[in-house]
Every structure is written in C-alpha cells, then in structure tokens.
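The values are calculated or read from the model by the stated rules, or taken from the named source; none is laboratory data. These figures come from a predicted structure and were not determined experimentally. Here the Cβ is made from the backbone with ideal geometry for all residues, glycine too, and neighbour counts use every protein chain on show. Accessible surface is based on the protein model in full, side chains and every heavy atom, while ligands, DNA and RNA are left aside. Shrake-Rupley method; radii C 1.70, N 1.55, O 1.52, S 1.80 Å.
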Amino acid sequence: MLIDRKHTPWFFVTLLLSVATVALYLWDAPNHPSGPAGNTVLGIVFGSVALAIMLFLVALGLKRRVPHWRLGSAASWMRAHIWLGLLTPLLVALHGAFKLGGTMTTVLWLLLAVVWLSGVFGLLLQQALPTMLRHSVRQETVAQQLGRELDSLILLAEGKTQTMGKRIRVVTSGIVQRCVGLSLHETVPPLEGDALDDKAVAALVKRNDPIPGAEPIRRFYLDEVRPFLRGDTRAKLNDLSSSEAMFESVRTSSPTHLHKSVDQLETLCQRRRELLRQRMLMRLLMTWLFVHAPLSWALVLGSIVHGIIALRY
C-alpha cells in the first residue's frame, strides 16, 4: 500500500496516542516506589492493549482469505495495520517499563523487533516497488501468468525463425497477413541489390523457398536467442548492453528486408528480461511475506502464553 494523503488522519491519531500513553506512564510512575512494572494496573492495561492490537494485525491475513467479510474495506484494514503496528513497540515498552525481563520476555522482545523491522521493510518495499516496475517493466503481467508468458516467448520466437534443414524462413506477423491470397506460382519481383519487399518475402515463404541473407539470423537464433529464451543464465543476451550490441551486429550483417524480423526477435528478448525482472521483484515481496507473517503469529502466540503465565503466577 502506498502512503498517501489518506494516511494523514492515521498519522496524527498515532502521534496523539503515542504522546498520551507516554504522558500517562510518566504520570503514574511516581505512584510506585519500586518503579513502574508490567504487573501494575497501568502496565497490565498497556500489555492488554498491545496484545489486542497484535491480534488485530494478524487478523488481516484472515480477512484476505475470507474476502466476503463485510468488516470494512481492505484499504482501511491495511492503514490500521500499518499505523497500529508502528505504535505496538511503544505500548510493549511501556508495559515492561523499558526492561527486557526474563528469558521468555527477552525472546518476545527479539521477535517483536524482527517483526516490526520486517514490517517497516515491507512498507518501504511497497513504496518503491511500483516505481521500480514502472521504470523496468513496460507491461506488467499478473504474477500467476509469468511462467506461462515466459514459455510463450519461446513459441513466438520459433514462429519467427523456423529451421527447415539448411533452409530458413523468417516469418513476421505482417508478412503472414500478406501471404493470404498469394499464388504459389507468383513470381518474385526483382529488386536492386539484395533488398526484397514484404510481398517478395511472402512469396518465398509461401513456396517454402530460402530467403536470401537469412543464414546469419539462423545462426544467431540457434546460438544465442533460443538458449536465452529457454532460460540459460549464462547467455550473453541477459545483459542489456551486450544484447543491444549483438542485435545491432546481426542487423548490420543482414539485408534490409530481414531487419523487421531481427527487431521482433530483439523485442522478444527485451520482453523476457522485463518479465524476469518482474519475477525477481515479486519473489522478493513474497519472501518478505513468508518471513513477516509466520513470525507475527509466533509473536502473538508467545505473547498470549506470556500473559497467561504472568496473570496466573
């Protein structure tokens, strides 16, 4: 969730609650000769409120799994999750009078620190992620479709360059459209030099004839493009600058009537790099969630056990 103007009321409420709780703590402290502690009335109140907030915070996960719960919008829950989560360490510190205590409370303090810091990291990550995606991925894909789209790039590339023995044909979407209605016996109009127009190339494709000048593209596709699209991490095309230089070299060594096909192959490679970048960012976000959520539940369960033991003994 992005921090915008809608968070302003939550910021001031959190700030007001922080000041009020500290003032209440300072007002009550002189009433205890041995100093404030977690077993005082105010200490128990602080601890109970902190535990209630923790229960609410982990309930966000349940709210996401049961979206038909009509208990406020998901955005409102998320704002409350952020700002009440930021307030929780202060309440816990006031509950324990800023002391670590025994072994169990020390462990709970460590858990709270990790959960709180991971929450702050996740919040910062969510602020930066949209900008990172916007600048590095021109067309974002739904996370569940990433694998399928990566696989489809291979099929598209195979459609652009199909090897047929020692012959090769380079088929582009524009050429395929122009193939419709062409006669198998249509003659290829002669052009100056090695340049062919789309109609001439389409006629060659229709007759399954080799296209002049396509051999460098065939070699480049088999040696570089196909391994890259199939996931070879050592492929030179993984690097943007190397990719641009290699495609420019192929484009220079190819006749002009095949430049469109080279451009389309370059677009497919660029699209793969974008999808890989998006997958990396999505995995980073999921890794954070897999760390933050289980530790949050561990903190809540440990806090409940701590509360029961403290009240009973």
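Points worth noting:
- Helices (runs of 4 or more DSSP H) enclosed by region 75-181 - at least 1 residues per element that are of a type in the set (A, V, I, L, M) and modelled with pLDDT of 60 or more: 103-136, 146-160
- Yes/no for H292 being open to solvent by 20 Å² or more (accessible area, probe 1.4 Å), within 13 Å of I217 (Cβ to Cβ) and part of a helix (DSSP H, G or I): no
- Residue in region 33-41 that is in a helix (DSSP H, G or I) and open to solvent by 20 Å² or more (accessible area, probe 1.4 Å) present: yes
- Taking the criterion of being in contact (Cβ under 8 Å) with a residue 40 or more places away in the chain and under 12 Å from S296 (Cα atoms), the residues of region 106-135 that qualify are L108, L111, L112, V114, V115, S118, G119.
- Selection count, region 1-25, where residues are over 35 Å from the mean Cα position of the chain (by Cα) and surrounded by 11 or more Cβ atoms within 10 Å (Cβ to Cβ): 4
- In the condition set (1) over 22 Å from A113 (Cα atoms); (2) crowded, with 16+ Cβ neighbours inside 10 Å, G302 is compliant with all but (1).
- Just one of the listed residues (S249, S303, S242) is of a type in the set (S, T, N, Q) and in contact (Cβ under 8 Å) with a residue 12 or more places away in the chain, namely S303.
- Residue in region 233-270 that is most open to solvent (accessible area, probe 1.4 Å), counting only those that are among the basic types (K, R) and more than 31 Å from the chain's Cα centre (by Cα): K260
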